[in-house]
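Visitor: This is the structure I have questions about; it appears just below.
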Amino acid sequence: MNGGTMLGAMRSVLARDLMLAGRRPVDVVTALFFFVIVVSLFPLGIGPEGQILHAIAPGVVWVAALLASMLSLTRLFEADFVDGTLEQMILAPQPLSLIVLGKVSAHWLVTGAPLVLMSPLLGLQFGLSGEALMILALALLLGTPALSFIGALGAALTVGLRGGGALLALLILPLCVPVLIFGAGAVDAAATGMETGAHLSLLGAFLVMALCFGPWVTAAALRIALD
Amino acid sequence: MLRGEALAAMRGDRKLFTDLDFDLHAGELLYIAGPNGSGKTTLLRMICGLVIPSAGQVLWKDENIHTLGEEFRADLLYCGHLGALKDDLSGLENLRFSCRLGGTPVSEDEAVMALSRMGLAGREDLPAKVLSQGQKRRVGLARLLLMRARLWVLDEPFTALDVGAIELLRETMRTHLAGGGLLVLTTHQQVEIEAAAVKRIEMGP
């Protein structure tokens, strides 16, 4: 088995999932709209009080991003499980962890990346400064892929369970707390003019850890789920 | 080449089967027969490595299939009763994806040829959701024409197929067996397939 075919399986899963998302854009748009609407509700509900909005902005945007990722992650393996593709993925002569990596990457590209691109625009509603907006996007860029990897593990553990969505949230949200703390912390620090390097480094470390261990653990969970 | 040793399976507290042995060599066919719920599909999934036996082991070329891992899976082609087709993709895209996933990338021409041999000429580009049950099965079975797996494990391959397709599938199986392939299948239909040896496992109720 050479490296070309191994990456080939990952690439073809990635390409297929992107194609499927293109054929059924509703799923993609739902998560993005959820994010936009939840974030926009806060300024509307609280009113134009700059100080409060300013203070809650990092937390609100991050919590909304977390919930938006969870919303779409519950179905990451569900469709493949129902139609039997997941069996074929497990039986493929390539490491399942690479196939998982392809699926998670596709998921992040269609749901996580739009959140990152949209976030500076939403941050404006809270009167964040230019630098804080940039840090917000950067922190989300590092944090949302980590959330996707953590969520994929939960989706693999709950695949095929009825009411798996609620269980997934219970399993996964506590694991997302560190990403939330340091992600919101980075934006907070930028908004108050402090150093953001430490927060961003920690977010990067979480991402690297999730990237290295996530697909591997998720693959093991999928094998157990299909037994 | 393919051997099962003292296999046992549990579903919850219920024993599906215990002490099941079989031995299959190149060119041989193994029928797994039995009433609904007797554990035929579980046995097939065990042979593929999807289900871990609660006792015993499955050996491929005298090595445990879980030790062999990818090496075994490269020799294996499994068609379950789920078709593994995506409704939003065309028959052609589905076929090419499943071949690539199985480690045998095929060109568009090869895939079109296989589909037209399966009687789907002119329908390659239709999304799978508009195909009939039988046509979906045919897309799934077109993989048999393209992939070079030594061991075929087929769960009810004749379901929903018309007489012509059954004949074509029989012919494909005959060629596979004559070329030294192994075939394990469950079926409720009476379909005779010539092989170097035909073995049978009768599963209890």
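Visitor: Work the Kirkwood hydrodynamic radius out for segment A:113-184: mean of 1/r over every pair of different alpha-carbon atoms, inverted, in Å. Don't skip to the answer; put the middle values down first.
Guide: On the way: mean 1/r = 0.0742 Å⁻¹.
By the Kirkwood definition, the hydrodynamic radius is 13.5 Å.
Visitor: Would you mind checking the tilt of helix A:164-191 against the longest principal axis of the Cα atoms of chain A, expressed as 0 to 90 degrees and rounded to 10?
Guide: Taking Cα atoms only, the helix is inclined about 40 degrees.
Visitor: Still on this model: Consider just the alpha-carbon atoms of the protein assembly as shown and return their Rg together with their Dmax, both in angstrom.
Guide: 25.2, 84
Visitor: Which whole-number value in Å² is the accessible area per residue of chain B, probe 1.4 Å?
Guide: Details: 8910 Å² over 205 residues.
Using a 1.4 Å probe on heavy atoms only, each residue of chain B averages 43 Å².
Visitor: Against the globular-protein guess of 2.2 N^0.38 Å, express the Cα radius of gyration of chain B as a ratio, rounded to two decimals. Display every interim value, and only then the final one.
Guide: Working: Rg = 17.0 Å, N = 205, 2.2 N^0.38 = 16.6 Å.
Chain B yields a ratio of 1.02.
Visitor: Measuring from label point to label point, each 7 Å out along Cα→Cβ, what is the B:E171 to A:A15 span in nm?
Guide: Label-label distance for B:E171 and A:A15, simple model: 3.1 nm.
Visitor: Counting only C-alpha contacts under 8 Å and six or more residues apart, can you give the relative contact order of segment B:89-148 as a whole percent? Each step should come with its number before you reach the end.
Guide: Values: 65 pairs, mean separation 28.0, N = 60.
For segment B:89-148, the relative contact order is 47 percent.
Visitor: With every atom except the alpha carbons ignored, what do you get for Rg and Dmax of segment A:24-128, in angstroms?
Guide: Radius of gyration, then largest Cα-Cα span, for segment A:24-128: 17.5, 58 Å.
Visitor: I would also like to ask the following. So what is the relative contact order for segment B:6-116, in percent, with contacts set as C-alpha pairs under 8 Å and at least six apart? Show your work: numbers first, answer last.
Guide: Values: 82 pairs, mean separation 20.3, N = 111.
Over segment B:6-116, the number comes to 18 percent.
Visitor: Does chain A come out rounded, prolate or oblate, given a ≥ b ≥ c as the square roots of the eigenvalues of its C-alpha gyration tensor, rounded meaning a/c under 1.5 and, failing that, prolate meaning a/b above b/c?
Guide: On the way: a/c = 2.17, a/b = 1.84, b/c = 1.18.
Prolate, since a/c reaches 1.5 and a/b exceeds b/c.
Visitor: Taking amide H positions as placed 1.01 Å from N in the peptide plane, with prolines and chain starts having none, which residues 5 or more places from B:V106, or on another chain, fall under 5 Å of its amide H?
Guide: B:R100
Visitor: Can you compute the radius of gyration and Dmax for segment B:89-148, using only the Cα atoms, both in Å?
Guide: 10.1, 29
Visitor: Also: Excluding A:L14 itself, what net charge comes from residues whose Cβ is under 13 Å from its Cβ, given Lys and Arg +1 and Asp and Glu -1? Before the final figure, lay out each step's value.
Guide: On the way: positive: A:R11, A:R16, A:K103, B:R100; negative: A:D17.
Spelling it out: positives minus negatives among the neighbours equals +3.
Visitor: Specify the inter-centroid distance of segment B:47-71 and segment B:141-167, based on alpha-carbon positions, in whole Å.
Guide: So the two Cα centres are separated by 23 Å.
Visitor: Once the other residues with Cβ under 11 Å from the Cβ of B:P53 are scored (Lys, Arg +1; Asp, Glu -1), what is the net sum?
Guide: Details: positive: B:R45; negative: A:D227, B:E5.
Taking every other residue near B:P53 into account, the sum is -1.
Visitor: If I model a spin label at A:Q125 and A:M209 as a point 7 Å from the Cα along the Cα→Cβ vector, what separation in nanometres do I get?
Guide: Modelled inter-label distance: 3.2 nm.
Visitor: For a test of understanding, tell me how many lysine pairs in the protein assembly as shown have Cα atoms under 18 Å apart, given they are 8 or more places apart or on different chains. Walk me through the numbers on the way to the answer.
Guide: Details: A:K103/B:K86; B:K15/B:K40; B:K40/B:K199; B:K86/B:K129; B:K86/B:K136.
Qualifying lysine pairs in the protein assembly as shown: 5.
Visitor: Here is a further query. By how many degrees, 0 to 90 and rounded to 10, does the Cα axis of helix A:113-124 deviate from the longest principal axis of chain A?
Guide: Tilt relative to chain A: about 10 degrees.
Visitor: Looking at segment B:110-186 from every direction and averaging, what is the projected area of its Cα convex hull in nm²? Write out the running numbers ahead of the final one.
Guide: Values: hull surface 20.0 nm².
The number I arrive at for segment B:110-186 is 5.0 nm².
Visitor: Also: Apply the Karplus curve 6.51 cos²θ - 1.76 cosθ + 1.60, θ = phi - 60°, to the phi angles in segment B:129-139 and return the couplings in whole Hz, x for Gly and Pro.
Guide: My calculation for segment B:129-139 gives 5, 8, 7, 6, 3, x, 5, 4, 4, 5, 4 Hz in order.
Visitor: Leaving out ligands, DNA and RNA, calculate the buried accessible area for the pair B and A with a 1.4 Å probe, summed over both sides, in Å² to the nearest 100. Could the numbers behind the result be given before it?
Guide: Numbers: alone 10230 and 11030 Å², together 18680 Å².
Interface between B and A: roughly 2600 Å².
Visitor: Which distance in nm do the two modelled labels at B:A196 and A:A198 give, with both placed 7 Å along the Cα-to-Cβ direction?
Guide: Going by the 7 Å Cα→Cβ label model, 7.0 nm.
The values are calculated or read from the model by the stated rules, or taken from the named source; none is laboratory data. None of these values were measured; they are calculated from a predicted model. Backbone-built Cβ (ideal geometry, glycine too); neighbour counts: all protein chains shown. Protein only, heavy atoms only, side chains kept; ligands, DNA and RNA dropped before computing areas. Shrake-Rupley method; radii C 1.70, N 1.55, O 1.52, S 1.80 Å.
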